[in-house]
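Engineer: Input: one structure, supplied below.
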Amino acid sequence: MEITNQTTEMLGRIISVPLALILALPAGSQSLSDGSAPSNLLPWWQTGRHATFSSDSSDLSDLSDLSPTAAQSYSQSPQNIRTGIEFPKTRLGRVAVVSAPLIAEGLVAKKLDGRFRGLRNDYIPDFKKSADDYLQYSPLAVMVGLKALGVESRSSWERMAVSDAISAVLTAGIVGTLKNTTNVTRPDGSDDRSFPSGHTATAFMTATMLTKEYGSVSPWIGVGAYSVAAATGLMRVANNKHWLSDVLTGAGVGILATEVGYWIIDLIFKDKGLSATYADYPDDVSPSTSFLGLYLGVNLPLSDYDIDETNEFRTSTGSTAGLEGAWFPWRHFGIGGRFTATNTLIFTDDDEAKNSFDAVSFSGGGYFSLPLSSFWSAGAKLLGGYVRYPKLSLAGKTVPSAGGFTFGTGMSLSFKVNSSYGMRLFLDYNLLPPHSKSSNEYMNMLTLGTSFVVLL
């Protein structure tokens, strides 16, 4: 295995930078008072998902066993909702929390751009679709449509329009300034305005708008909004228009600008045009453990590997991308699965990486989660599944496709940014079957990475 000092440093930054940013943020708790309100006026987050409502309860860790009856001991007013959640005291602190992880990951991911572009070129070199041009605006269209149909939102028409206009101006200003000053060339070489992704920034801006205005109506609104935004970012990479770092940074910029836009209008308008029945949804932290997320990591082979019947090749680091999700019907235990596409560099006798071997895998199994605080949780998993090796051309010959059973396990540390999404750091171990039918040598692989997760 060939791992350079530069690679080791890069991997260290993947962990240290976002953790440092997150842990440096101030945390505190709000003082809350008791009140009463008719149960039919209570928003959905007061009836079972986001808060405990027993005034004499000292255990705030289990937020699932609630009922409207229990909720009657608390006021409808957002200021009087007891969540048991510690959060930065200032609004700007909360803004930093929801945007910093993605921006930090985007800056760190610049070290990995080439690897993930190689992964794209291996699997979908001819991908070219224009759906991302329209997906970026779809959360905005849904928000305006719901408002036009008379569905009550967080803000009045006037307040919503001004908030969203300021958010759009901030997003365009930040994106435009960075594009004009960084001069990063696009992967396809078409121009030098790659960093950050404007499409992704717009998509996450509109997703945050929709979630702030209508996230309290149903948790699936936030899930759908951020899923569409994430799909937009993935398509920008697949279309060879952006590097991974462009997309991650763009996502953080879109969220940041929207949060700041709403904060400015909250200062100016105060309570004017603000619905009394809706709390500031994104400032709440979801107790939900179920998730669906993007899986992005660096492969660290722990052994050499038999590619064919006669040759053993040395391998080096590669990249992994895919989807991972789990549903937790119980407090600590859930079921889920993972789909990934990977590439790993192959070294020949002259110590030059001539090619990479690819692998596509489907795995499923059990997931474990242990809450550490309102924000943090530790996780583990045990998975089994199938891996498929596509046909490989190497050293003047063709290695046929193959497949077999794969086993995986891993650990994770998750940070819940708000009620809609979170970030996850993971270290996974995978045991990959032989590429050659005549070989009994399995490959041991570590995958270190991060995941943007939508909370279900």
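Engineer: Picking from PRO125, PRO78, which residue would you name as being modelled with pLDDT under 80 and surrounded by fewer than 21 Cβ atoms within 10 Å (Cβ to Cβ)?
Structural biologist: PRO78
Engineer: Sticking with this structure for a sec: Among (1) at pLDDT 85 or above; (2) surrounded by 15 or more Cβ atoms within 10 Å (Cβ to Cβ); (3) under 24 Å from ALA230 (Cβ atoms), there is one condition MET411 misses while meeting the rest; what is its number?
Structural biologist: Going through the list (1) at pLDDT 85 or above; (2) surrounded by 15 or more Cβ atoms within 10 Å (Cβ to Cβ); (3) under 24 Å from ALA230 (Cβ atoms), MET411 breaks only (2).
Engineer: From the list ARG120, ARG154, which residue is closer than 16 Å to ALA225 by Cβ, surrounded by 13 or more Cβ atoms within 10 Å (Cβ to Cβ) and basic (Lys, Arg)?
Structural biologist: Only one candidate passes the filter, namely ARG154.
Engineer: List every residue pair whose Cβ atoms sit under 6 Å apart, with the two residues 6 or more apart in sequence or on different chains, where the first one lies in segment 198-220 and is under 20 Å from LEU178 (Cβ atoms) and the second, anywhere, is surrounded by fewer than 23 Cβ atoms within 10 Å (Cβ to Cβ) and of a type in the set (A, V, I, L, M, F, W, C).
Structural biologist: Short answer, once both residue conditions are applied: THR206/LEU140.
Engineer: Let me ask something additional. For segment 180-188, state whether one or more residues are touching a Phe, Trp or Tyr at 6+ places or on another chain (Cβ under 8 Å) and over 20 Å from GLU105 (Cα atoms).
Structural biologist: Taking every residue of segment 180-188 in turn, none turns out to be touching a Phe, Trp or Tyr at 6+ places or on another chain (Cβ under 8 Å) and over 20 Å from GLU105 (Cα atoms).
Engineer: Next up: Inside segment 147-156, can you point out the residues that are without any contact (Cβ under 8 Å) to a residue 12 or more places away in the chain and either part of a helix (DSSP H, G or I) or acidic (Asp, Glu) (or both)?
Structural biologist: The answer is ALA148, and nothing else.
Engineer: Of the residues VAL144, VAL175, only one is of a type in the set (Val, Ile, Thr), surrounded by 23 or more Cβ atoms within 10 Å (Cβ to Cβ), in a helix (DSSP H, G or I) and on the phi < 0 side of the Ramachandran plot; which?
Structural biologist: Step by step, each of VAL144, VAL175 is checked, and only VAL175 is of a type in the set (Val, Ile, Thr), surrounded by 23 or more Cβ atoms within 10 Å (Cβ to Cβ), in a helix (DSSP H, G or I) and on the phi < 0 side of the Ramachandran plot.
Conditions (1) assigned to a loop (DSSP other than H, G, I, E, B); (2) more than 18 Å from the chain's Cα centre (by Cα); (3) surrounded by fewer than 24 Cβ atoms within 10 Å (Cβ to Cβ), marked per residue:
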| position | (1), (2), (3) |
| --- | --- |
| PRO196 | yes, no, no |
| ALA207 | no, no, no |
| VAL223 | no, no, yes |
| VAL237 | no, no, no |
| THR249 | no, no, no |
| GLU259 | no, no, no |
| ASP271 | yes, yes, yes |
| LEU300 | no, yes, yes |
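Engineer: Let me ask another. Would you confirm, using the coordinates I've provided, whether MET445 is assigned to a strand (DSSP E or B), more than 17 Å from THR340 (Cβ to Cβ), not assigned by TED's automatic domain parsing to the domain that holds VAL98 and not β-branched (Val, Ile, Thr)?
Structural biologist: In short, no.
Engineer: Select, from SER451, SER419, the only residue that is small (Gly, Ala, Ser), surrounded by 14 or more Cβ atoms within 10 Å (Cβ to Cβ), in contact with an Asp or Glu (Cβ under 7 Å, 6 or more places away or on another chain) and not in a loop (DSSP other than H, G, I, E, B).
Structural biologist: Matching residue, one of SER451, SER419: SER451.
The values are calculated or read from the model by the stated rules, or taken from the named source; none is laboratory data. Since this is a predicted model, take the numbers as computed values, not measurements. Every residue, glycine among them, receives a Cβ derived from its backbone with ideal geometry; neighbour counts consider all protein chains shown.
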